[in-house]
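Values in this text are rule-based calculations from the coordinates and carry no lab data. This is a predicted model, so every value here is computed, not measured. Backbone-built Cβ (ideal geometry, glycine too); neighbour counts: all protein chains shown.
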Amino acid sequence: MFSPLHAPPRRIATRLYATLPPELRRHTRTAWADANRPGHIVDCFLESPCFTPDGALLVVDIPHGRILRIDNGVWSEHATWEGEPNGLKRHPDGRLLIADYRLGLLALPGPSPLLARRNAESFKGLNDLAISADGTIYFTDQGQTGLHDPTGRVYRLSPNGKLDLLLANGPSPNGLALTPDEKVLFVAMTRDNAVWRLPLLPDGSTSKVGRFAQFWGTSGPDGLATDWAGNLYVCHASLGCVFVLAPQGHCTAIIESCAGPTVTNLAFTPDGKSVVITDSSTGAVLIADL
């Protein structure tokens, strides 16, 4: 990732975009916190920033089953339900799609179920999703998998309803991102502390899956995004930064969190000149100019 053949990565600073106000933090015990932060009350855990057509920003709050809206600095609850929303993306048809750990693939308004099971078998626990220009949905089924149990899965749901299993041996598949030409799918493998590269073949299968980048730390890569030039942005959930990787894999920049270490997801602003980033340890959304 750090190459002696290239210039050292430049450092990009972040600043505060918005922080979840006290009145919207929930100091209640949740099943999600019991499993992921034992012994702690988690008042929020923000992920998956997503801009609306009118310029507001949406983020999910996983343990409390809600989507929050930030509009000119003002926070509000956009939607709530008895679930654990994780991934959030806008479909080309205008719907908001949600990868819900408990309930499967959902859509707003509603939320209404799109896909809760595969062949009558429940998912392990959906995490994130990516959507192609034609509406094809790629999503990860992470559950509690890891190096001890490398059975996490990556699926593709075609517009005609066909569901394909692309990968079944993932140690904690998490964030997803397509290359600009949509011929390669990147998958963050959190417990492998790596990003895998999945070539997407013309017949709909994948082959020669490889490890694109390797990281370190107590957690691993989380949310991913690509820009128009094919650079890959990797949020790291324990190192407090976003690594920007060139299409060849070497690191060209590091976007450093000014809030906390748990950098989970990012999204480009509508003008493409900046990125907003969730720091889940503090309930903050950050912004960095590119």
Problem set entry | Rounded D (µm²/s) - the stretch 158-241, Kirkwood Rh over Cα pairs, Stokes-Einstein at 10 °C, 1.306 mPa s | 119 µm²/s
Seminar exercise, completed: Answer in debye to the nearest 20: the dipole magnitude of the chain about its Cα centre, from +1 Lys/Arg and -1 Asp/Glu charges placed on Cβ, is 400 debye
For this session: Could you please report the charge total around W81, scoring K, R as +1 and D, E as -1 over all other residues with beta-carbon less than 12 angstrom from its beta-carbon?
Result: -3
For this session: Using a cut-off of 11 Å between beta-carbons, work out the net charge of the residues near R66 (Lys and Arg +1, Asp and Glu -1, R66 not included).
Result: -2
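Would you mind putting 257-267, 226-236 in packing order, based on average other-beta-carbon counts within 10 Å, highest first?
257-267, 226-236
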Exercise. In the chain, with Lys and Arg counted as +1 and Asp and Glu as -1 at Cβ, which of these residues, G65, N127, W216, has the Cα nearest the positive end of the dipole, that is, farthest along it?
Worked result: W216
Problem set entry | Cα gyration tensor category, rounded, prolate or oblate, for the stretch 244-290 with a/c compared to 1.5 | oblate
For this session: Let me know the charge dipole size of the stretch 10-97 about its Cα centre in debye, to the nearest 20, where only the beta-carbon of Lys, Arg (+1) and Asp, Glu (-1) is charged.
Result: 420 debye
For this session: Sum up the charges of everything whose Cβ sits under 15 Å from the Cβ of L16, counting Lys and Arg as +1 and Asp and Glu as -1, but leave L16 out.
Result: -2
Problem set entry | Distance cut-off 23 Å, percentage of C-alpha pairs in the chain lying past it | 51 percent
Exercise. Given N residues in the stretch 131-290, what is Rg(Cα) / (2.2 N^0.38 Å)?
Worked result: 1.00
Problem set entry | Rg ratio (alpha-carbon, reference 2.2 N^0.38 Å) - the stretch 83-192 | 0.98
Problem set entry | Student exercise, the stretch 172-214 dipole from Lys, Arg, Asp, Glu Cβ charges, in Debye to nearest 20 | 180 debye
Seminar exercise, completed: The correct pair for the stretch 148-191, radius of gyration to one decimal and Dmax as a whole number, both in Å and from Cα atoms, is 11.5, 35
Problem set entry | Longest to shortest principal axis, alpha-carbon extents of the stretch 1-117, angstrom | 50, 42, 35
Exercise. Viscosity 1.567 mPa s, temperature 4 °C: Stokes-Einstein D of the stretch 66-147 from its Kirkwood Cα radius, in µm² per second?
Worked result: 96 µm²/s
Exercise. Over the chain, what relative contact order in percent results from Cα pairs under 8 Å that are six or more residues apart?
Worked result: 16 percent
